[in-house]
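Undergrad: Please find one structure pasted underneath; my questions will follow.
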Amino acid sequence: MRIKKIGLAVFSLILLFSLFGITQAARPVLSISNFDVTDGSINTDTSDFTLTIELENSGDACAKDVIVTAVANAPFITDQTPSSNPITICNGQFGKAHLSLILESNTIGGTYPLTLVVNYLDNSTGAYTFSNTINLLVEGNSDLNAHIINSNPLDVYPGDTATISVLVENDGTVQAQSISGVLSSKDTLEIKSAQSFFSVGSLQPKQSYIASFSLDVPKDAQAESYPMALSLVYSENDETKNKDIPLIFDVKKRALFSVSDGGSDILYPKDSGKIIRVNIRNIGTNAAKELKIQVQPQFPFTTDGSIKYIPDLEPGQSDVVEFAINIDKDATVGNYGISLILDFKDSQGNSLYDTATAPLTIQNKGVFQKVFIDYWYLWILLELIAVIMLLRVSRKKGEKEVK
């Protein structure tokens with residue numbers, strides 16, 4: 001009898017454990033099988049979006065009250081609000097949950113992790129939770145822009161050669177690669193071909209690069225704003241792109257000078273102390289204040305080094321200055337130019353300078369000049385001798401008359 005009771009107890013325990021095992025085995029098992037964005041992609045221009053999470057139940061019991069929560073992780077913003085309308089996913093089935101998320105402003109394109117937490121219940125009192133991290137692609141575009149930030153010299157005038165610095169920056173949200181650029185001008189400015197090109201390997205979002213270019217401003221250029229273009233070629237996401245960026249370069253007003261003969265003395269070889277008169281005209285667009293003019297000596301001319309002054313020469317006005325020069329004895333007959341250095345201030349008080357060439361002509365002496373002018377002292381001597389001889393003849397004639 002006792003053996004029967006023991007056997008019955010053992011059988012009961014085995015049955016109980018078996019039933020308990022069956023109950024434990026019947027449980028839901030959820031996993032994330034897929035996810036998607038409502039509009040197909042997330043772009044850096046996006047402010048908010050809906051993330052759809054597909055869940056699969058590989059267990060052998062239904063999962064009830066399934067909710068999904070996103071953990072805040074930059075650049076995604078969430079207020080911890082779970083997916084709306086808790087769902088039930090029975091064994092072997094799929095279900096979808098939807099989350100509303102916000103993308104931070106100024107987000108740079110790239111792939112970012114987002115952690116999801118899934119909570120659900122079984123048919124009795126069992127509660128389950130698991131987390132999974134997914135990667136979301138935020139698409140974007142590069143946006144290359146450029147502007148002039150500096151020039152050397154700072155103020156550029158007609159006749160100057162300048163180096164300009166152009167800031168090229170990526171204002172977009174993805175990297176731009178293999179960037180090259182060419183600066184061009186359809187107008188008066190002359191871009192030096194050897195210094196009209198730049199290249200840089202890549203620019204990350206918000207990164208910049210300073211490119212330098214050299215240009216000449218013709219002396220007869222007007223003082224105004226000149227359009228230029230920076231033509232860019234670059235790669236973005238294995239796609240070649242082109243962009244022309246307009247630039248504006250300002251040429252400042254300044255005085256410019258033309259010179260002509262103002263009635264100089266006739267010049268011959270070996271002359272000294274001859275006066276040359278130079279007519280200086282302001283053909284520029286700004287006044288020349290405190291103008292100082294000096295001759296730069298060069299063969300066959302020499303000067304006394306004097307400096308001439310013109311207090312004010314407005315655009316369109318002219319004035320004549322005089323210099324005393326000497327001509328070398330070995331000078332040959334012909335047309336020459338004598339260099340002038342002009343230092344002045346503009347109407348804003350900036351110190352400037354210019355150069356000009358005054359035309360001069362050395363002439364060949366005629367017979368009169370050679371015989372009568374070059375040898376004047378001999379003619380005076382002959383005249384003295386003649387006078388003396390006349391005096392002697394007159395004296396002898398007087399003596400004869402007295403006798």
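Undergrad: For the range 257-364, what does the convex hull of the Cα positions come to per residue, in cubic angstrom?
TA: It is 80 Å³ per residue.
Undergrad: Between Leu167 and Arg395, what is the label-point separation in nm under the 7 Å Cα-to-beta-carbon projection?
TA: Reported label-point gap for Arg395 and Leu167 is 10.0 nm.
Undergrad: Hey, can you grab everything whose amide H is under 5 Å from the amide H of Tyr157? Only 5+ residues off in sequence or another chain; H modelled, so Pro and N-termini drop out.
TA: Result for Tyr157 returns Lys252.
Undergrad: What list of ³J(HN,Hα) couplings, whole Hz, do you get for the range 100-109 from phi and the Karplus terms 6.51, -1.76, 1.60, once you set θ to phi - 60° and write x for glycine and proline?
TA: Calculated HN-Hα couplings, in order: 9, 10, 10, 9, 4, 5, 6, 6, 8, x Hz.
Undergrad: Just to check, using Stokes-Einstein with a Kirkwood Rh over alpha carbon pairs, what's the diffusion coefficient of the range 24-139 at 25 °C and 0.890 mPa s in µm²/s?
TA: 167
Undergrad: Here's another thing I want to ask about it. Give the dimensionless ratio obtained when the Cα radius of gyration of the range 112-209 is divided by 2.2 N^0.38 Å. Show your work: numbers first, answer last.
TA: Values: Rg = 26.2 Å, N = 98, 2.2 N^0.38 = 12.6 Å.
Expressed relative to 2.2 N^0.38 Å, the Cα Rg reads 2.09.
Undergrad: OK, next. If amide H atoms are built 1.01 Å from N in the plane of the peptide, which residues on other chains or at least 5 residues away come under 5 Å of the amide H of Phe35?
TA: Glu54
Undergrad: While we're on this one: Working from Cα positions, state the angle (0 to 90°, nearest 10) between the long axis of helix 376-402 and the longest principal axis of the chain.
TA: Once rounded, one gets 10 degrees.
Undergrad: Would you list, by chain and number, the aspartates and glutamates whose Cα falls below 12 Å from the Cα of Lys96, excluding same-chain residues fewer than 8 positions away?
TA: Cross-link targets: Asp36, Glu54, Glu56.
Undergrad: Using only Cα atoms and rounding to the nearest 10 degrees, what angle (0 to 90) does helix 2-25 make with the longest principal axis of the chain?
TA: Rounded to the nearest ten degrees, it is 30.
Undergrad: Next up: When all alpha-carbon pairs of the range 142-290 are counted, what percent fall beyond 25 Å?
TA: 47
Undergrad: So, one more: Do the sum for the chain: with -39,500 (n - 2.57) for every DSSP H run of n ≥ 4, divided by all residues, what is the mean residue ellipticity at 222 nm, to the nearest 500 deg cm²/dmol?
TA: -4500 deg cm²/dmol
Undergrad: Do any of Lys292/Lys329; Lys270/Lys292; Lys186/Lys206; Lys186/Lys252 go past 26 Å between their Cα atoms, and which?
TA: With Cα atoms farther than 26 Å apart: Lys292/Lys329; Lys270/Lys292; Lys186/Lys206.
Undergrad: Here is a further query. Using the C-alpha atoms of the chain, what convex hull volume per residue, in cubic angstrom, is computed?
TA: Details: hull volume 94.0 nm³, N = 403.
Taking the convex hull of the Cα positions in the chain, it is 233 Å³ per residue.
None of the figures in this text is laboratory data; all of them are computed from the coordinates on show. None of the values given here were measured: they were computed from a predicted structure. All Cβ positions, glycine included, derive from the backbone under ideal geometry; neighbour counts span all protein chains shown.
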